[in-house]
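The next block holds one structure in the form of structure tokens; read it before the comments.
The values are calculated or read from the model by the stated rules, or taken from the named source; none is laboratory data. Predicted model only: the values in this text are computed from it and were never measured. Glycine gets a Cβ as well: all are built from the backbone with ideal geometry, and neighbour counts include every protein chain shown. With ligands, DNA and RNA removed, areas are computed over all heavy atoms of the protein, side chains included. Shrake-Rupley method; radii C 1.70, N 1.55, O 1.52, S 1.80 Å.
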Amino acid sequence: MSTGLAGMARIERVTLGERAYEALRELLLSGAVAPGEKLSLRSVAATLGVSIMPVREAVTRLVADDALAVLPNRAVTVPVMTRAKFRELTTVRLAIEGFAAEQAAANRSEADLAGIRRLDEAFRREVKAPEADAIAALRLNKELHFAIYAATGLPSLVAIIEGLWLKVGPVINLDLKSSTERLVDGGAEGFHADCVAAIAARDGPAARAALTADIENAARFIAATGRLPD
């Protein structure tokens, strides 16, 4: 009997740890936190309704992923991105995410396409609203991209892209959250529309071109802000 109870306790700890990990991971993927921003473990634990231990476990995993860092004073922070690292990640993203868009055009189902279109329309409505909500736009931008990547039918590829976004997501914050004007005039909505149209037409090269143009445009803007240290 005691062995069975111990097993149930272990499952519960894993469940809470996964919950904390997914919550923190979503903050990073969506760009809801910025480079250099410190995270309060107690606040995260209170928000999730869990003890501090599952949050510590989640942080340990994200530190191993190079998505979070622990400072000498034990504070947890989002790593600061250097120009060189950002260029490296952008180069890799162009290759891998461009390939994913091409695969999505080839492999997507009608259900995939319907979901992608819904998110594209929601993003467009948000950025064209009289008072655009940058946080909502960031979330929709992430959800649209990952709906495209999921349409590849290649879970291993999606996992690789998630690893890249854990690192670059907070930097995207500098782009879409910089101003409401950037949301409206930054070009993301147009690139998204072109990519969705290409995926609908099963035109792989055009889908790749539109998605990589979206990444390149955002990268140029972020580099031009001068906020990335050498």
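Among the trypsin sites (Lys or Arg not before Pro) within the stretch 58-93, those in coil by DSSP and having at most 15 neighbouring Cβ atoms inside 10 Å are R74. In the set [x] 18.9, 64; [y] 18.8, 58; [z] 18.1, 54, the label that goes with Rg and Dmax of the Cα atoms in Å computed for this structure is [x].
If only the Cβ of Lys and Arg carry +1 and only the Cβ of Asp and Glu carry -1, the dipole of the chain around its Cα centre is close to 680 debye.
L71 exposes around 60 Å² of accessible area when a 1.4 Å probe is run over every protein chain in place. Placing unit charges on each Cβ (+1 for Lys and Arg, -1 for Asp and Glu) gives the chain a dipole about its Cα centre, and among L94, L211, G169 the Cα reaching farthest toward its positive end belongs to G169.
Helices assigned as whole DSSP H runs in the chain whose Cα atoms extend at least 20 Å along their own long axis and whose mean Kyte-Doolittle hydropathy is 0.0 or higher are found at 2-29, 134-150, 155-176, 204-224. Sorting the segments 24-32, 156-164 by their mean number of nearby beta carbons within 10 angstrom, highest to lowest, gives 24-32, 156-164. Distance from the alpha carbon centroid of the stretch 68-145 to that of the stretch 38-55 works out to 25 angstrom.
Mind putting a number on the dipole of the stretch 20-137 about its Cα centre? Charges go on the C-beta only, +1 for Lys and Arg and -1 for Asp and Glu, and I need it in Debye to the nearest 20.
Numbers: 16 positive and 16 negative charges, 81 e Å.
The dipole of the stretch 20-137 has a size of about 380 debye.
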